[in-house]
Amino acid sequence: MPTGVHLRDARQQLFDAAERVLLRDGPNGLTSRAVTDEAGCAKGVLHRHFPDFDAFLADLVLDRAAQMETQASALRESVGTGTVADNLTGGLVALFGPIPVAIIPLITFRDELRARLRQARPGGGIEILARATTAISAYLAGERARGRIAADADIDSLTLSLVGGGHLLFADRDPGPPTRAAVHKLVAAVIADAVQRRPA
């Protein structure tokens, strides 16, 4: 596409192109040239919308992290319904979709990107994992308030175990993501004591 041709919804098209490159070629393959080639536009289009490539990546991460709110909201709304293990299994499967899992190593290996994200979201942390942590913690707190897990359950430790274990399961995607049964097995093991000790 010639430089002068207007790209409709350029930011969104560039984000979508970056997702495709990231899923296909991994973090090392995600360059500004790869993104603009995938989007079918001139390299200058990206730089008309973003000061530099790390600014583009930071906006991409924040945009995709914000989209996780849909899954987080669904998990919060499931408090008090079904079983705690089934709800958490569904929550982890939804939160650790292909794009969030692909973005985590991108953040891990790009120092400047982490610095940009810390500026945008003071407090540090890896944005995708932080969103998952907030969602799981809020759900567990809701279930504790309803008496479906023990009143003295350590929400922070349970959350870290679920998010950390879930990330490890989903990060090893060869030959593919874990089965729902594998995720459920992890969840059941992590929450077993807290669920068993809840009031009758």
- Message: How much of the pair distance distribution for the stretch 32-82 lies past 14 Å, counting alpha-carbon pairs only, in percent?
- Response: 64 percent
- To the nearest 10 degrees, the tilt of helix 127-145 (Cα long axis) against the first principal axis of the alpha carbons of the chain is 20 degrees
- Mind listing the phi-derived Karplus ³J(HN,Hα) values for the stretch 83-91, rounded to whole Hz, using 6.51, -1.76 and 1.60 with θ = phi - 60°, and x for any glycine or proline? 10, 4, 5, 5, 5, 5, 4, x, x
- Item | In order through the stretch 11-17: 3J(HN,Hα) via Karplus (6.51 cos²θ - 1.76 cosθ + 1.60), integer Hz, x for Gly, Pro | 4, 5, 5, 5, 4, 4, 5
- Calculated diffusion of the stretch 121-192, Stokes-Einstein form, Kirkwood radius summed over Cα pairs, 25 °C and 0.890 mPa s, µm²/s: 185 µm²/s
- With each label point set 7 Å from Cα along the Cα-Cβ vector, what nm distance links His49 and Leu160? 3.9 nm
- With the chain treated as a Gaussian network of Cα nodes joined by springs under 10 Å, which of Glu112, Glu143, Glu127 yields the largest mean-square fluctuation? Glu112
- Message: I'd like the carbon and sulfur percentage of the solvent accessible area for the chain, probe radius 1.4 Å, heavy atoms only, ligands and nucleic acids excluded.
- Response: 53 percent
- Per DSSP H run of at least 4 residues, take -39500 (n - 2.57); add these up for the chain, divide by its residues and hand me the 222 nm value, nearest 500 deg cm²/dmol. -22500 deg cm²/dmol
- If the viscosity is 0.692 mPa s and the temperature 37 °C, what translational diffusion coefficient in µm²/s does Stokes-Einstein give for the chain when Rh comes from Kirkwood over Cα pairs? 180 µm²/s
- Task: Starting from the coordinates of the alpha-carbon atoms of the stretch 9-120, obtain the Kirkwood hydrodynamic radius over all distinct pairs and give the value in Å to one decimal.
- Result: 15.2 Å
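The values are calculated or read from the model by the stated rules, or taken from the named source; none is laboratory data. This is a predicted model, so every value here is computed, not measured. Using ideal geometry, Cβ is built from the backbone for each residue, glycine included, and neighbour counts are taken over all protein chains shown. These area figures cover heavy atoms from the full protein model, side chains too; ligands, DNA and RNA do not enter into them. Shrake-Rupley method; radii C 1.70, N 1.55, O 1.52, S 1.80 Å.
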